[in-house]
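Report on the following structure.
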Amino acid sequence: MKKKTVILLVLLLFSGVYAQEKVIIVKYYLVEGCPYCDVVDSMIDEIEKDYPNVQLVRLNVYKSSVWMNEFLSYDFWKVPAIVINGKATFQGDEEITDQNLRETIDEYLNSYTQGKSFFEKGKNYYGREEYTKAKIYLEEAKKLFENGNFDTNLTEEMLEDCNSCIEAYDLILKGDLFLESNDPEKAREMYSQVTCEDFKNTAEEKIKNIDVYEESLQSFDTAVEYYIQQDYSRALNLFESLETMLVCEKQRECEEYIEKCRKYIDIQNLYDEATTLIYDDGLSAQNKFMEAGTIYKSLGEDPERYTIFAEAALNFYIGKTLYDSGSNAGLPYFEKAKQDFEHLDFQKGVEKCEYYIKKSRSSRGLYFISFVSILFFAFLFVYLFYFKKKEKSNKDTKKELKKLVDKYVNEEMSLEEFDNKKKKVIK
């Protein structure tokens, strides 16, 4: 881990190591008064203008023995002569052409650009400890940097660390397989060969756990028993303590049990919260029941119980809202919620529903009595008003008929006239 930290710090402090402005160095060896050098001078000047990534260095070989020795180290024997990035060499006017120089510079710049891209990807995987992927990109980056003779020290250092970590991973895996096959001595041998700092602590921890591995397997079986008994908290605590001690298939099983235990505990917490919210915040209770059902379904279980709870919570909420508003329309919602709670064997919910059902029915009885009373008094009023009027009308009719009869008897009107007036009076 220490080595990796140092490398990452170097990358952080010198992040421009592959992004410096001048990445191509062109050394131009010349002698004053050389007629061929005058021609190359103008060519070099144009290249310097066109390539901001090129650093041009002019070296008069007669002015320094160091430059002369350097000139001769490339097996040059005449000027002008050019070296690009200490690798590509050109001598004399036949080789030093604008096309040759530009093609070489373009090739090196392209190698640099691609190499930088691969290096950055490799660095990212390296930082995430995905060493196999990092190695692929870093090896490609190294080839490209070497093509243009760019610095590869940091790339090689990261590659070396990747190889060490990949080897360590393989050694730990082999050790795990030996341990799973009940060969603790071979497992110890594999773990002891780990040198990568990132895996050394893991390997040392596994060596310590070799002697208690059999005991760990027994504890694993105990944790499974807790899980079967639905004692998920105790099972989780035991599984978590064993996670780093177990290997291979048992470790994978342990991780699966840990995930399941956490989900079942989340479900229980959601259920507990929801059941306390049913009577005061039915909508929140419904949401928590639905969330619990979703998690339960992800475990391959049937979420019907939580779906019914969610529906019952919603019905209770509607019934309570209507009841609190003074409406008697909440009764059927309470009855439906009670039916669901009975199905779920949730006695507290049943009792709450019965309380509100009783209150709602009492209110309905009062409403019914009031309604019947209003109808009775309305009927009585109509009856009295109608029959009083009818009785008075009958008395008046009798008086009129008596007068007509007296007039007819006294021969004050004819029979025909009597019949006509009688009809009018009766109407």
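Being assigned to a helix (DSSP H, G or I) and loosely packed, with under 14 Cβ neighbours inside 10 Å is the filter here, so list the residues in the stretch 49-92 that pass it. Quick ask: steps written out before the conclusion?
So the first thing to find is which residues in the stretch 49-92 are assigned to a helix (DSSP H, G or I), and the list is 49-50, 65-73, 92.
Residues satisfying the conditions are K49, D50, S65, V66, N69, L72, S73.
With respect to the conditions (1) modelled with pLDDT under 90; (2) over 37 Å from the mean Cα position of the chain (by Cα); (3) closer than 30 Å to N124 by Cα; (4) not hydroxyl-bearing (S, T, Y), G33 falls short on a single one, namely (3). Out of all the residues in the stretch 147-154, is one or more outside any helix (DSSP H, G or I) and either closer than 28 Å to L246 by Cα or out of contact with any Gly (no Cβ under 8 Å at 6 or more places or on another chain) (or both)? Yes, because at least one residue in the stretch 147-154 is outside any helix (DSSP H, G or I) and either closer than 28 Å to L246 by Cα or out of contact with any Gly (no Cβ under 8 Å at 6 or more places or on another chain) (or both). In the set (1) surrounded by 14 or more Cβ atoms within 10 Å (Cβ to Cβ); (2) closer than 30 Å to S181 by Cα, F309 fails one condition alone, (2).
Checked against (1) closer than 30 Å to G319 by Cα; (2) surrounded by fewer than 17 Cβ atoms within 10 Å (Cβ to Cβ); (3) at pLDDT 95 or above, I267 meets all criteria but (2).
Hey, does the stretch 76-85 have a residue that's of a type in the set (V, I, T) and either in contact (Cβ under 8 Å) with a residue 60 or more places away in the chain or touching a Leu at 6+ places or on another chain (Cβ under 6 Å) (or both)? I'd like the intermediate steps shown before the answer.
First, the residues of the stretch 76-85 that are of a type in the set (V, I, T): 79, 82-84.
When the remaining residues are screened for being either in contact (Cβ under 8 Å) with a residue 60 or more places away in the chain or touching a Leu at 6+ places or on another chain (Cβ under 6 Å) (or both), the result is 79, 84.
Yes, the stretch 76-85 has at least one match.
Quick one: which residue in Q251, Q286 is under 19 Å from C353 (Cα atoms), of a type in the set (S, T, N, Q) and out of contact with any Gly (no Cβ under 7 Å at 6 or more places or on another chain)? Unique residue meeting the criteria: Q286. Any residue at all in the stretch 108-127 that's over 53 Å from the mean Cα position of the chain (by Cα), at pLDDT 95 or above and over 30 Å from C196 (Cβ atoms)? No: zero hits.
Within the stretch 194-210, the residues that satisfy the criterion of being part of a helix (DSSP H, G or I) and surrounded by 15 or more Cβ atoms within 10 Å (Cβ to Cβ) are E197, D198, F199, K200, T202, A203, K206, I207, N209, I210.
Restricting to the stretch 288-301, name every residue that is free of Cβ contacts under 8 Å to residues at least 24 places away in the same chain and touching a helix residue (DSSP H, G or I) at 6+ places or on another chain (Cβ under 8 Å).
To start, the set of residues in the stretch 288-301 that are free of Cβ contacts under 8 Å to residues at least 24 places away in the same chain comprises 288, 290-291, 293-294, 297, 300-301.
Across the stretch 288-301, the qualifying residues are K288, M290, E291, G293.
Specify the residue that is modelled with the highest pLDDT; the eligible residues are those in the stretch 270-293 that are in a helix (DSSP H, G or I) and exposed (fewer than 14 other Cβ atoms within 10 Å of the Cβ). If you could, list the steps in order and put the result at the bottom.
Residues of the stretch 270-293 that are in a helix (DSSP H, G or I), as a first pass: 270-277, 282-293.
Add one more test, that the residue is exposed (fewer than 14 other Cβ atoms within 10 Å of the Cβ), and what stays is 272, 276, 283.
On the way: D272: 95, T276: 91, L283: 89.
Among those that are in a helix (DSSP H, G or I) and exposed (fewer than 14 other Cβ atoms within 10 Å of the Cβ), it is D272.
The values are calculated or read from the model by the stated rules, or taken from the named source; none is laboratory data. In this text the structure is predicted, and so the values were computed from the model without any measurement. Cβ: placed from backbone, ideal geometry, glycine included. Neighbour counts: every protein chain shown.
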